[in-house]
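The values are calculated or read from the model by the stated rules, or taken from the named source; none is laboratory data. For clarity, every value in this text was computed on a predicted model and none was experimentally measured. In this analysis, Cβ positions are derived from the backbone assuming ideal geometry, glycine residues included, and neighbour counts consider all displayed protein chains. Heads up: the accessible areas ignore ligands, DNA and RNA and are worked out on the full protein's heavy atoms, side chains in. Shrake-Rupley method; radii C 1.70, N 1.55, O 1.52, S 1.80 Å.
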Amino acid sequence: MHGLYVHIPFCLRKCPYCSFYSVRFEEDTAEKYVQALCRNIEAYEGRGLKADTLYFGGGTPSVLTAEQVGRVVDECRQVFVLDDAEITLEANPCTVDEQKLRQLRTAGVNRISFGIQSADDKRLGFLGRLHDFRTAENAVRAAAAAGFENISGDLMLGTAGENCDSLRASVEALCALPLTHISAYMLKIEEGTPFDTDKVRSMTADDELMSDLYLAAVEQLEKNGFVQYEISNFAKEGYESRHNNKYWLGEEYLGFGAAAHSYFEGVRYCCPPDVQRFIESPLQPKEVTEEAPDRAEEYVLLGLRLSKGISIDRIAELYSPAKSHDLKNAALELAAHGLVRVRENVLSLTAEGFLVSNTIIAKFIDILSC
Amino acid sequence: MTPQDKIRNFCIIAHIDHGKSTLADRILELTETVELREMEDQLLDNMDIERERGITIKARAVRLTYHADDGEDYYFNLIDTPGHVDFNYEVSRSLAACEGAVLIVDASQGIEAQTLANTYLAIEHDLEVLPVINKIDLPSADPDRACSEVENVIGIPAMDAPRISAKMGTNIKEVLERIVTDIPAPKGDDEAPLKALIFDSYYDQYKGVIIYVRVLEGHIKAGETIRLMAAQAEFQTVEIGYMGAKDLVPVGELHAGEVGYITASIKDIGDTRVGDTVTNAERPCAESLPGYKKVNPMVYSGIYPADGAKYGDLRDALEKLMLNDASLSFEPETSIALGFGFRCGFLGLLHMEIIQERLEREYNLDLITTAPSVIYKVTMTSGEVKYIDNPTNFPDPGSISSAEEPVVNAHIYTPSEFVGNIMELCQDRRGTFMDMQYIDENRVDLHYVLPLNEIVYDFFDALKSRTRGYASFDYELKGYAASKLVKLDVLLNGEIVDALSFIVHEDKAYARGRRLTEKLKENIPRQLFEVPVQAAIGGKIIARETIKALRKDVLAKCYGGDITRKKKLLEKQKEGKKRMRQLGTVEVPQEAFMSVLKLDD
């Protein structure tokens, strides 16, 4: 089963910390863009492909009308069947009301993800968000009232002035809402964004504080029944994001729209981040990022982002029994420092391990490939 | 055959930066040995490193024709000499090939340590010394003072010394005329058995070893068989000629008084040691020229490829360098920390740096070098005497009855305002004050006896920084002196790193141990867990630092299935790993090994 990703690169206003591709929302452009999406999806007609997830990411997908979203969903259904599919839409709390949420639900969307970021208005102001927490609360409740059972909220860690106590309060406030899934991201100052200044850097959490905040968030979320299943993702039982899991499990997905990434027929590629070009091209342009990704390496690289980790038996198959043995020994060494868990034949990272996962993964891959 | 009274053989003596190469260039230009359009600055120094550092590493020679004011043509053989103490022996052999020396003195700086050392060497070899005052174009030039320094310090008349600017080309002709009139012509018996001095040699891949010689007596023709007296080897000569500025010029024969080259299909440069005597195998001379000695390394260090897989490349590169440098020695060595590498012996620190630089530049190798070590003399309780050039082999303290270390006679020439700073430095380096003499009212010659191991680290840098670069320094080996020596080990995460061990005087061990652990802490990146860095003597820890555990290195978000960033990060980390050495559980970057070589900030 494939996953489908649809990128909606439009925003009412660009958040100062965001480095993802998006342009200012304009109705005309959006409509042409939706038509181009449908055209591209239709191109896969008749190939017998099936998908069980569809994810509208952005940008701000909720700037589209429910009708436009519905058109894209219908096109996908036509081409990829979408039986029992998880259909997610990312939404800005300001851009939805109960009526629009009902329409989206009717259009087929069954999972909604709100960029809440914080329960503290001071921090929302710092992040340049259009909404305050009350608006976010209302949006989540409206979604529940509109029939959404699977609602996710984003939380941003490490904004100016945050400490572990204020963070725990934000987590508690989020957990009081009818959410089934929370993504907690550590704020990263990206090069070239308005946040890329010494001033902002000095105001926001340094590595030490960020690490403490992250561990506090993990602990507080788990207390509230949100189980960590990926570095930045937490879910009530049964509500893990099926779509996101595909990324980490090395499953294939097709991406539509400017700046959308795909992993299809063994090749990783993306569509260039250019709305006009996407609209004007008969079929979306394709830039290959990796012709033949190393599947074994990806298994380690991506699998270790998941709490359930990787299987040592699988490593033995992908590399060799000797390598898997070396890996296990290295893992046991790190387990002594509380960074890794080795249970039966499963190797996974702890929350502390996730914090230094780049280094750990590089070390493991070095062991496996030398 | 050139009449000997038309030949002048001379060298140029100068302190670094006093303008030796520039004067040589001007002379080449004026004698039209090189056409102007071919002039490249500093023609004689043809190694990149020499040009950049403004020093001569190898001796080199060139023949020039000068049409003098008396209407006659003269043949000049200019023999360039290395100016550094590491190559003292080579300098002495180059001087032995000459009748005269042009002594360049910087009009603003006056006499420096190396100038003096080499001038004394020239006088010892009975050379006519012709002083030349250079850089008179500088605003700070004081030619009168420079002249009186030459007279007072060296004791040779200098008031009529040519005052020139090699850079501007001022008064160069005066220098050439004085070479004709002041420097004696050679006087060798052309009919005597051949007696020629080897003053340089290098390997040419087509012709084999090319020997540079000065014929003192007799003559030699291509095809004749020569005998190298010290090497006890015979070869049939192939080509004989002289050195043009750009190429070798074959002429078929060389006569008494001349300077030129010989090729004889010699494969091993070890056979053609500088200082050896070349004679005719069929009609040998009775005795060889005096002064030959085999030079021995003074400083040793381990050289390892940063990438262990490059061991073979390193060996090939060292072998190639050795073709041109008979004073370089190396043998394979294994370190637990660094794997396979070579223990290399050098004439001195400069020689070591040059070899490292050439390996890195000319052979494109990334190296890890261990701290340089001198040769310690250890008497065991059993009475056995051992010479130790590798800290790893330093015996257990319990089995040592006494230990000695090499010491040097060091002369430091400095403006008097820095005397205090220098005394402090020498004190700190366990120096023994011997003498202080005023060269003139502003400058002094400080004489210290210093342990060689105190100057092999970073003495020269320390001296420069304490005297704003105004002091100059020269030394010669004095002998061995009893010393309380200990071996200092470094432990990372509780394990000894053999490549970081060194031998140090007991009194300096604590300070150096502390500094070393601090430096390592600065230069080893955080690891996944806390790493203690310790310095120890025997089993006793004398210093400790802790490298804290890495706290955060994570890519929190991979948006919309875009994992390219994660991949890029991984590639970057893989690249970084190549510059790391895995020591037990700790990853140590190459820079950490380098940082411990310079502990003085």
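Do the conditions hold for A:Gly158, that is, is it surrounded by 13 or more Cβ atoms within 10 Å (Cβ to Cβ) and either within 14 Å of chain B (Cβ to nearest Cβ) or without any contact (Cβ under 8 Å) to a residue 40 or more places away in the chain (or both)?
yes
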Next item on the list: State the number of residues belonging to the stretch B:326-342 that are assigned to a strand (DSSP E or B) and not polar (S, T, N, Q).
Entry: 8
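Test B:Glu454 against the criterion of being open to solvent by less than 10 Å² (accessible area, probe 1.4 Å) and either closer than 24 Å to B:Val374 by Cα or at pLDDT 90 or above (or both), and give yes or no.
Working: open to solvent by less than 10 Å² (accessible area, probe 1.4 Å): yes; either closer than 24 Å to B:Val374 by Cα or at pLDDT 90 or above (or both): yes.
For B:Glu454, the condition - open to solvent by less than 10 Å² (accessible area, probe 1.4 Å) and either closer than 24 Å to B:Val374 by Cα or at pLDDT 90 or above (or both) - is met.
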Notebook entry, point to check: Can you pull out the residues in the stretch B:543-565 that are in contact with a Leu (Cβ under 8 Å, 6 or more places away or on another chain) and more than 14 Å from every other protein chain (Cβ to nearest Cβ)?
Noted result: B:Ala543, B:Glu545
Notebook entry, point to check: Can you find a residue in the stretch A:15-22 that is touching a strand residue (DSSP E or B) at 6+ places or on another chain (Cβ under 7 Å) and at pLDDT 95 or above?
Noted result: no
Note to self: I'd like the residue in the stretch A:189-206 that is open to solvent by 80 Å² or more (accessible area, probe 1.4 Å) and without any contact (Cβ under 8 Å) to a residue 24 or more places away in the chain and, out of all such residues, is farthest from the other protein chains (Cβ to nearest Cβ).
What the structure shows: A:Lys199
Check: Which condition number in (1) open to solvent by 20 Å² or more (accessible area, probe 1.4 Å); (2) part of a strand (DSSP E or B); (3) touching a residue at least 60 places away in the same chain (Cβ under 8 Å); (4) of a type in the set (D, E, K, R) is the one that B:Glu405 fails?
Finding: (1)
Next item on the list: Keeping to the stretch A:151-192, report how many residues are within 20 Å of the chain's Cα centre (by Cα), aliphatic (A, V, I, L, M) and part of a helix (DSSP H, G or I).
Entry: 2
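Filtering the stretch B:566-599 down to residues that are of a type in the set (Lys, Arg) and within 11 Å of another protein chain (Cβ to nearest Cβ), which residue is farthest from the chain's Cα centre (by Cα)?
Of the stretch B:566-599, the ones of a type in the set (Lys, Arg) are B:566-568, B:572, B:574, B:577-579, B:581, B:598.
Applying the additional criterion that residues be within 11 Å of another protein chain (Cβ to nearest Cβ) yields B:566-568, B:572, B:574, B:577-578.
Details: B:Lys566: 48, B:Lys567: 46, B:Lys568: 44, B:Lys572: 38, B:Lys574: 37, B:Lys577: 34, B:Lys578: 31 Å.
This residue is B:Lys566.
Does the stretch A:232-241 hold any residues that are crowded, with 18+ Cβ neighbours inside 10 Å and either of a type outside the set (D, E, K, R) or touching a Ser or Thr at 6+ places or on another chain (Cβ under 7 Å) (or both), and which are they? Can you show your working first?
Applying the first criterion (crowded, with 18+ Cβ neighbours inside 10 Å) to the stretch A:232-241 yields A:232-235, A:239-241.
Once the filter is applied, which keeps residues that are crowded, with 18+ Cβ neighbours inside 10 Å and either of a type outside the set (D, E, K, R) or touching a Ser or Thr at 6+ places or on another chain (Cβ under 7 Å) (or both), the stretch A:232-241 yields A:Ser232, A:Asn233, A:Phe234, A:Ala235, A:Tyr239, A:Ser241.
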Next item on the list: Scan (1) open to solvent by 50 Å² or more (accessible area, probe 1.4 Å); (2) in contact (Cβ under 8 Å) with a residue 24 or more places away in the chain for the single condition B:Arg565 breaks and write down its number.
Entry: (2)
Note to self: Return the residues of the stretch B:351-383 that are buried (at least 16 other Cβ atoms within 10 Å of the Cβ), assigned to a loop (DSSP other than H, G, I, E, B) and of a type outside the set (Gly, Ala, Ser); say none if nothing qualifies.
What the structure shows: B:Tyr363, B:Leu365, B:Thr370, B:Pro372, B:Val374, B:Ile375
Check: In the stretch A:248-280, what count of residues is obtained for those that are more than 19 Å from the chain's Cα centre (by Cα) and among the acidic types (Asp, Glu)?
Finding: 3
Note to self: With the requirement that a residue be open to solvent by 20 Å² or more (accessible area, probe 1.4 Å) and outside any strand (DSSP E or B), what does the stretch A:251-280 give you?
What the structure shows: A:Glu251, A:Glu252, A:Ala259, A:Glu265, A:Gly266, A:Pro273, A:Asp274, A:Gln276, A:Arg277, A:Ile279, A:Glu280
Checklist line | B:Asp247 vs. criteria under 30 Å from B:Phe593 (Cα atoms) and either open to solvent by 50 Å² or more (accessible area, probe 1.4 Å) or at pLDDT 95 or above (or both) | finding: no
Checklist line | Residue tally, condition open to solvent by less than 20 Å² (accessible area, probe 1.4 Å) and of a type in the set (Phe, Trp, Tyr), over the stretch B:117-135 | finding: 0
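If the requirement is being in contact with a Gly (Cβ under 7 Å, 6 or more places away or on another chain) and either more than 8 Å from every other protein chain (Cβ to nearest Cβ) or crowded, with 18+ Cβ neighbours inside 10 Å (or both), which of these qualifies: A:Leu355, A:Leu332, A:Leu339? Working first, answer last.
Numbers: A:Leu355 fails: in contact with a Gly (Cβ under 7 Å, 6 or more places away or on another chain); A:Leu332 fails: in contact with a Gly (Cβ under 7 Å, 6 or more places away or on another chain).
None of the other options fit; the residue is A:Leu339.
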Check: Name the residues in the stretch A:131-150 that are in contact (Cβ under 8 Å) with a residue 40 or more places away in the chain and assigned to a loop (DSSP other than H, G, I, E, B), would you?
Finding: A:Ala146, A:Gly147, A:Phe148
Item checked: Of residues in the stretch A:294-321 being open to solvent by 20 Å² or more (accessible area, probe 1.4 Å), in contact (Cβ under 8 Å) with a residue 40 or more places away in the chain and not in a helix (DSSP H, G or I), the one nearest to the other protein chains (Cβ to nearest Cβ) -> A:Ser307
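Report, by residue number, each residue of the stretch A:161-175 that is open to solvent by less than 20 Å² (accessible area, probe 1.4 Å) and of a type in the set (Ser, Thr, Tyr).
We begin by selecting, within the stretch A:161-175, every residue open to solvent by less than 20 Å² (accessible area, probe 1.4 Å); these are A:162, A:167, A:170-171, A:174.
A:Ser170 - this is the single residue of the stretch A:161-175 that is open to solvent by less than 20 Å² (accessible area, probe 1.4 Å) and of a type in the set (Ser, Thr, Tyr).
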Next item on the list: Restricting attention to the stretch A:230-253, report how many residues are away from every other protein chain (no Cβ under 11 Å) and of a type in the set (Asp, Glu).
Entry: 2
Note to self: When you check A:Glu90 against the structure, is it out of contact with any Pro (no Cβ under 9 Å at 6 or more places or on another chain) and not basic (Lys, Arg), yes or no?
What the structure shows: no
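Kindly indicate the residue of the stretch A:210-229 that is at the interface with chain B (Cβ under 10 Å from one of its Cβ atoms) and either open to solvent by less than 10 Å² (accessible area, probe 1.4 Å) or aromatic (Phe, Trp, Tyr) (or both) and also nearest to A:Ile189 (Cα to Cα) among those meeting that condition. Talk me through it step by step, then tell me what you get.
So in the stretch A:210-229, the residues at the interface with chain B (Cβ under 10 Å from one of its Cβ atoms) come out as A:210-212, A:214.
So of that shortlist, the ones also either open to solvent by less than 10 Å² (accessible area, probe 1.4 Å) or aromatic (Phe, Trp, Tyr) (or both) come out as A:210-211, A:214.
Numbers: A:Met210: 13, A:Ser211: 15, A:Tyr214: 16 Å.
Step by step, filter the stretch A:210-229, then rank; the result is A:Met210.
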Checklist line | Sole exception among (1) open to solvent by 20 Å² or more (accessible area, probe 1.4 Å); (2) touching a residue at least 12 places away in the same chain (Cβ under 8 Å) for A:His7, by number | finding: (1)
Item checked: Members of the stretch A:176-188 found to be open to solvent by 10 Å² or more (accessible area, probe 1.4 Å) and either at positive phi or within 14 Å of another protein chain (Cβ to nearest Cβ) (or both), listed by number -> A:Tyr185, A:Met186, A:Leu187, A:Lys188
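Results for (1) surrounded by 20 or more Cβ atoms within 10 Å (Cβ to Cβ); (2) at pLDDT below 95, shown as yes or no for each residue.
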residue	(1), (2)
A:Ala51	yes, no
A:Glu67	no, no
A:Arg71	no, no
A:Val79	yes, no
A:Val109	yes, no
A:Lys122	no, yes
A:Phe126	yes, yes
A:Arg141	no, no
